[in-house]
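Report on the structure given below.
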Amino acid sequence: MSGGGTETPVGCEAALGGGSKKRDSLGTAGSAHLIIKDLGEVHSRLLDHRPVIQGETRYFVKEFEEKRGLREMRVLENLKNMIHETNEHTLPKCRDTMRDNLSQVLQRLQAANDSVCRLQQREQERKKIHSDHLVASEKQHTLQWDDFMKEQPNKRAEVDEEHRKAMERLKEQYAEMEKDLAKFSTF
């Protein structure tokens, strides 16, 4: 069925057999063979699309590879141009700018560093003064607490003495009230 090969006869021709015998009204065996061959060619042209598809596939792959190769060449050429421009123009310009401005940047950086050092030193001094003040204040509070705790037994003794005297006065007062009450109860 691919076109150029030998074909088997179709229908009644296969049943009749020999090539020299007369066949129905189709003609001779050679003409039947030509008709079958033509039918095979028509069939392969109409229904067998493999050769066309293979040709189209080869053409597509060839075009794709060529375009891809060209695109990659353009990309590489662009990269080469960009690198050349960078090496020739941008890097020297950056070097010159850096040389010109680097001394100014270093001076500013040194000034900023000095300022930061002064600020840190002031902060450390302030913290030291504050911590010294806290230590002195703590010592003063400790001394006051010690004095307070030393005075407590004396004050407790005074309070206890006052309480004892107040209790004695109350006892005397209640004792007098009982005496007065006893005088009035006899009446």
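The values are calculated or read from the model by the stated rules, or taken from the named source; none is laboratory data. Given the structure is predicted, the values throughout are model-derived calculations rather than measurements. Note: accessible area is taken over every heavy atom of the protein model, side chains too, but ligands, DNA and RNA are not part of it. Shrake-Rupley method; radii C 1.70, N 1.55, O 1.52, S 1.80 Å.
With a 1.4 Å probe and every protein chain left in place, tell me how much accessible area Leu170 has, in Å² to the nearest 10.
80
Compare Asp100, Asp48 by solvent-accessible area with a 1.4 Å probe and give them largest first, with all protein chains kept in place.
Working: Asp100 105, Asp48 30 Å².
In descending accessible area the options line up as Asp100, Asp48.
Tabulate in residue order the Karplus-calculated ³J(HN,Hα) for the range 79-92, using 6.51 cos²θ - 1.76 cosθ + 1.60 with θ = phi - 60°, rounded to whole Hz; enter x for Gly and Pro.
My calculation for the range 79-92 gives 4, 4, 5, 5, 5, 4, 4, 5, 5, 7, 10, 5, 4, x Hz in order.
Put Phe148, Phe60 in order of accessible area, largest first, 1.4 Å probe: what do you get? Intermediate results must be reported in sequence, preceding the final value.
Values: Phe148 90, Phe60 135 Å².
Descending accessible area places them as Phe60, Phe148.
How much accessible surface does Arg58 have with a 1.4 Å probe, in Å² rounded to 10?
150
Would you list Ser185, Ser115, Ser44 from the most to the least accessible area, probe 1.4 Å? Present the calculation step by step, with values, prior to reporting the outcome.
Values: Ser185 90, Ser115 45, Ser44 20 Å².
Listed by decreasing accessible area, they come as Ser185, Ser115, Ser44.
Accessible area of Val42, 1.4 Å probe, to the nearest 10 Å²?
For Val42, the solvent-accessible surface is approximately 80 Å².
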